[in-house]
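This report refers to the structure that appears directly beneath it.
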Amino acid sequence: MSSQPIRNVVLVGHNGNGKTTLAEAMLYRAGVVGRMGRVDDGTAQCDHDPEEKARHQSLSLSVASFDWRGHRINIIDTPGYTDFVGEAVNGMHAADLAVFVVDAVSGVQAQDQVMWRHAERLGLPRLVFVNGLDRERSSFERTFESLQSHFGAHVEAVELPLGAEASFHGIADLVGDGALDYSSGESAAAAVPDELADDASDGHIQLVEGVVEGDDELLEQYLEGTEPSEEQLERLIHDAVDHRSVFPVLCGSAAKPIGVDRLLDFICRVGPAPGESGPAEGVRAGEPVEVAIDAAGSPVALVFKTRIDDFLGQISFMKVLSGTIRANDTLVNSRTANKERLHNLMSFTGAEHHAVSQAAAGDIVAATKLGDVRTGDTLADDTALKVLVTPPPTPVYGVAIHASAPAQEDKLASALRRFATEDPSLVIRQDATTRQTVLSGAGEAHLRVVRARLDRMGIDFEIEDMKIAYLETLPRPADVEAKHKKQSGGHGQFAVAMVRFEPLARGAGYEFDSEVTGGAIPRGLIPAVGAGIEEAMSNGGRHGFPMVDLRAVCYDGKHHSVDSSEMSFKIAGSHALKQAVEQVGSAVLEPVSEVHVEVHDTYQGDVLGDLNSRRGQVFGTEPGSAAGTSVIHAHVPTSEIRSYVIDLRSMTGGTGTFSAEHHDYQPLPHALLARVMAAD
Ligand SMILES: Nc1nc2c(ncn2[C@@H]2O[C@H](COP(=O)(O)OP(=O)(O)O)[C@@H](O)[C@H]2O)c(=O)[nH]1
Ligand SMILES: [Mg+2]
């Protein structure tokens, strides 16, 4: 493998902004593909999965590595749709620069903002590529204003478009003083046209003033009237990008392609080299450590994507953080403490791949057929080192799934396991209470894709609503005498148990005690009473939901020396619970989730009102991760947020996000019982 300077670039932004097309245009300009594939024909390199080809949309991240004018470029193309944000964030962990592909017709959209917040949190250097300037109703000026209003004054134009819409044909450079004309299809050096000269000169001054503050000496010279040279200006931009104090804005059209070669040049000249903007964060034996990109260090690699290929098996994409990784090296996975031998190392361009012998610090490489290796794992010499990554988003939307026929069960289970390996934001679990297999993920679209994939694999399955795991308990103490008596032929059955019941605190479970004295029930048979009660509890109370949180004390009873058996006392125990429920009734408990909703302040009132109408109890509000946003913390009955993700998105123009986890159980308001019973 070459020892060329490396650039790891993640493409992010709203769905449909042109990321995959931009990656394709880069491959075309670099001569990797002879003609440009198209997303809409299913021929783009980075949308290679059958489901992506069918939908004309990226669903998972893709890596495309290629050489560009003395550099090795690793492009990570990510899906833009909200439900796949976890993939895009994983891609960010492997990148040193995020290119925000923003649409010149729509300006900044919801997912651009969500990803910007993630980049900010991760401290990732950013630049913006205003794409689609050939489109009708596109406008660089309007898009630039939208960028400034959403991302602040630190976005700085480094280019201006020549022409607009159908006549868009080139780029004026604000760093230097020339222009590139693409009228012939290839880029040709040109002069800035007269009618753009004033704008270009204003833009240049604005750019210089935006970055010169970063260098005291150059600032002083500038204030005295000496402009920084082109090289100095480039270095200032480089430093400012590194420090996340400036976000350069470039422009073009991925489809034409116009400005794409210039974007690549800019990334090579200015974009941070691996590790330049800071080390990765890790932990070693509970202590925080920094993992710097260091070719001389011992090997450390971060797995940022797992894919399962029909031919290659499991593919683990890794960013090498330290040292050099060679084929056949053995590294340790700090999560499992297992040794993993890297039999095959490969470099990928979409689905295309070729074997490589090694990868140095800063590079991206893939290994196949590793053992128990998942996305987010660290492979290193150092057995205790773990590189920190953003955990996958917690699932917020679930459905129940089951095979249509018993013969399909294994196929369904193994397909779901495969999907969950490839996509950590997809979770499959068995619900012990409702006995459903629950498939949960980031939203409706996420699960729709899973269903389409299963269909494509010819697996017959059915989807149902996810049942809410209601429970029951006793509302007050009860005291019963339960009798089981049966006389049939030879051996009879006889058992009497006197049992006191009392409700326990939420989450306390089930307790059983004996206060039987004087051998009223033989010692060895008393636990059978407890077991009978427990079995009856799991079979459900008056409304059929499992019973929990109660204490039963067997304090007296009767037995018969011949006819009393363990079975008899077990049955008496189950009668005891039924009698207790008849005596004092049963209270239905509903699960309550703790919900954290992050929204722009403008939507806060609507979101609070809506949470209130869902019987939510807000217990805190604090500033969110980005300026002008808030996080609302609330406890909301789980039944009320089954499709909250859909409603929240429509309430907030797609910008609101939330997470939820089970919090506790609370009594279901009596008025809602009929509704629950009708639904279940
Ligand atoms: N006219 C025009 N269409 C574009 C451009 N870039 C992408 N497209 C089209 O926009 C659609 C979405 O592009 P795609 O690359 O899949 O967007 P992604 O979701 O960001 O990956 C496709 O039909 C592309 O052909 C562009 O610069 N100009
Ligand atoms: Mg795409």
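Size of the dipole of the chain about the Cα centre, Lys and Arg at +1 and Asp and Glu at -1 on the beta carbon, nothing else charged, in debye to 20?
Numbers: 58 positive and 98 negative charges, 835 e Å.
Using only the charged Cβ atoms, the result is roughly 4020 debye.
The listed peptides 22-28, 494-500, ordered by packing as a protection proxy, come out as 22-28, 494-500 (highest mean of other Cβ atoms within 10 Å first). For segment 1-102, the average shadow cast by the Cα convex hull is 6.3 nm², which is a quarter of the hull's surface.
Equivalent-ellipsoid semi-axes for the chain (Cα gyration tensor, √(5λ), whole Å, largest first): 61, 27, 23. When you restrict to C-alpha pairs under 8 Å that are six or more residues apart and normalise by the size of segment 495-555, the relative contact order lands at 61 percent. If only the Cβ of Lys and Arg carry +1 and only the Cβ of Asp and Glu carry -1, the dipole of segment 474-627 around its Cα centre is close to 920 debye. Report note on the peptides 288-294, 443-449: ranked by the mean count of other C-beta atoms within 10 Å, highest first, their order is 443-449, 288-294.
Solvent-accessible surface of the chain, taken per residue with a 1.4 Å probe and all protein chains present: 43 Å². Across the chain, C-alpha contacts under 8 Å between residues 6 or more apart give a mean separation that, scaled by the residue count, equals a relative contact order of 10 percent.
With point charges of +1 on the Cβ of Lys and Arg and -1 on the Cβ of Asp and Glu, referenced to the Cα centre of the chain, which listed residue (Gly530, Val356, Ile632) lies farthest in the positive direction of the dipole? Among Gly530, Val356, Ile632, the one farthest towards the positive end of the dipole of the chain is Gly530. Under 16 Å between alpha carbons, and skipping anything fewer than 8 positions from Lys339 in its own chain: which lysines qualify? The reachable lysines, counting only those whose Cα sits under 16 Å from Lys339, are Lys369, Lys386. Around the amide H of Val33, modelled in the peptide plane, lie the amide H atoms of Tyr28, all under 5 Å away and 5 or more residues distant in sequence or on another chain. When the Cα positions of Val676, Gly203, Val499 are compared along the charge dipole of the chain, Val499 comes out farthest toward the positive end, with charges on each C-beta of Lys, Arg, Asp and Glu. When the residues Arg417, Arg121 are ordered by accessible surface, computed with a 1.4 Å probe over the protein chains alone, the sequence from largest down reads Arg417, Arg121. List the lysines whose Cα sits under 30 Å from the Cα of Lys467, skipping any in the same chain fewer than 8 residues away. Of all the lysines, those that pass the test against Lys467 - Cα under 30 Å, at least 8 places apart if same chain - are Lys411, Lys578. Helix 526-539 and the longest principal axis of the C-alpha atoms of the chain enclose an angle of approximately 50°. Only the Cβ atoms of Lys and Arg (+1) and of Asp and Glu (-1) were treated as charged; on that basis the dipole of segment 519-569 about its Cα centre amounts to roughly 120 debye.
So for segment 40-164: antiparallel DSSP bridges make up what percent, rounded to the nearest 5? Rounded to the nearest five, the antiparallel share is 55 percent.
The C-alpha atoms of the chain define a longest principal axis, and helix 230-242 lies at about 10 degrees to it. Rounded to the nearest 10 degrees, the inclination of helix 110-122 to the longest alpha-carbon principal axis of the chain is 90 degrees.
Measuring nothing but protein heavy atoms, the accessible surface of the chain at 1.4 Å probe radius is 48 percent carbon and sulfur.
Shape verdict for segment 562-665, please, from the Cα gyration tensor: rounded (a/c under 1.5), prolate (a/b greater than b/c) or oblate. Don't skip to the end; give the middle numbers.
Details: a/c = 4.21, a/b = 3.78, b/c = 1.11.
Because a/c hits 1.5 or more and a/b exceeds b/c, segment 562-665 counts as prolate.
Take 576-587, 650-661 and order them by the average number of nearby Cβ atoms within 10 Å per residue, most first; the result is 576-587, 650-661.
The values are calculated or read from the model by the stated rules, or taken from the named source; none is laboratory data. All figures in this text were calculated on a predicted structure; none of them were measured in a lab. All Cβ positions, glycine included, derive from the backbone under ideal geometry; neighbour counts span all protein chains shown. Areas reflect the complete protein model, heavy atoms only, side chains present, ligands, DNA and RNA absent. Shrake-Rupley method; radii C 1.70, N 1.55, O 1.52, S 1.80 Å.
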